[in-house]
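Notes for the one structure printed next.
The values are calculated or read from the model by the stated rules, or taken from the named source; none is laboratory data. Here the structure is a predicted model, which means the values were calculated and not measured. Note: ideal-geometry Cβ built from the backbone for every residue, glycine included; neighbour counts use all protein chains shown. To get the accessible areas, we keep the full protein, side chains included, count just its heavy atoms, and leave off ligands, DNA and RNA. Shrake-Rupley method; radii C 1.70, N 1.55, O 1.52, S 1.80 Å.
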Amino acid sequence: AMAAIMFFFVPLYLHQVVSARRDENQEIHDYIEKVRESRDKLEKKKAAQTQLLARYAKTMPPLASFVEEAAKAHNVEIEESQGKPDVPHGKKYTEHVILVKLRKVGLLGLVKMLEKMEKSNLPVAITRLNIKPRAGEPDSYDVELNVSAFERKGDAPKKPQPQEEAPEPEEEQ
């Protein structure tokens, strides 16, 4: 009976113990892999946050001149521009809005102007765009658009300052 127990049950018991440990090790490995993936996601989010804060750190030129410069670069004439009241967004941001009216503008010039504003790497957005084709004129449109610039109020984002090294203690002789 002892020989049968040693021959059948000890190997089964050892197999069960090894299998349980293997499952525990696999769970630990899976958790480590999740931590690594989470770390990568956090680094990407931090990089995006840093890039966004760098975008707000730049000083925004006056909105009317910014839009006018983008329009002139692509031969688009601004017929009328009108500033609107600033809109607060929480405690940290303010939105400056300008209404721009364009008459007899070609679609290519309009798109290039909007693209230049977007690629300026400034916190600017087109928040309203209304395009109406002019009757009887090909590639001629009347356009109304709201251009919004966002400004970060208060303290600028703090950059980590290098820590001063503590002087090494002098040895007494």
Using the structure shown, decide if LEU14 is surrounded by 10 or more Cβ atoms within 10 Å (Cβ to Cβ) and either of a type in the set (Ser, Thr, Tyr) or over 30 Å from GLY83 (Cβ atoms) (or both). yes
Residues of the stretch 54-74 satisfying the condition of being in a helix (DSSP H, G or I), surrounded by 14 or more Cβ atoms within 10 Å (Cβ to Cβ), touching a residue at least 60 places away in the same chain (Cβ under 8 Å) and touching a Pro at 6+ places or on another chain (Cβ under 9 Å): ARG55, TYR56
Does VAL111 satisfy the criteria of being within 17 Å of VAL143 (Cα to Cα), modelled with pLDDT of 85 or more and surrounded by fewer than 13 Cβ atoms within 10 Å (Cβ to Cβ)? yes
For LYS41, are the conditions met, namely being under 30 Å from GLU151 (Cβ atoms), modelled with pLDDT of 85 or more, open to solvent by 100 Å² or more (accessible area, probe 1.4 Å) and basic (Lys, Arg)? yes
Among the candidates SER148, SER120, which residue alone is open to solvent by less than 70 Å² (accessible area, probe 1.4 Å), at pLDDT below 85 and of a type in the set (Gly, Ala, Ser)? SER120
Is there a residue being part of a strand (DSSP E or B), closer than 29 Å to THR50 by Cα and under 23 Å from the mean Cα position of the chain (by Cα) anywhere in the stretch 100-120? no
Residue check, GLU77 in contact with a Leu (Cβ under 8 Å, 6 or more places away or on another chain), closer than 20 Å to ASP142 by Cα, without any contact (Cβ under 8 Å) to a residue 40 or more places away in the chain and not hydroxyl-bearing (Ser, Thr, Tyr): yes
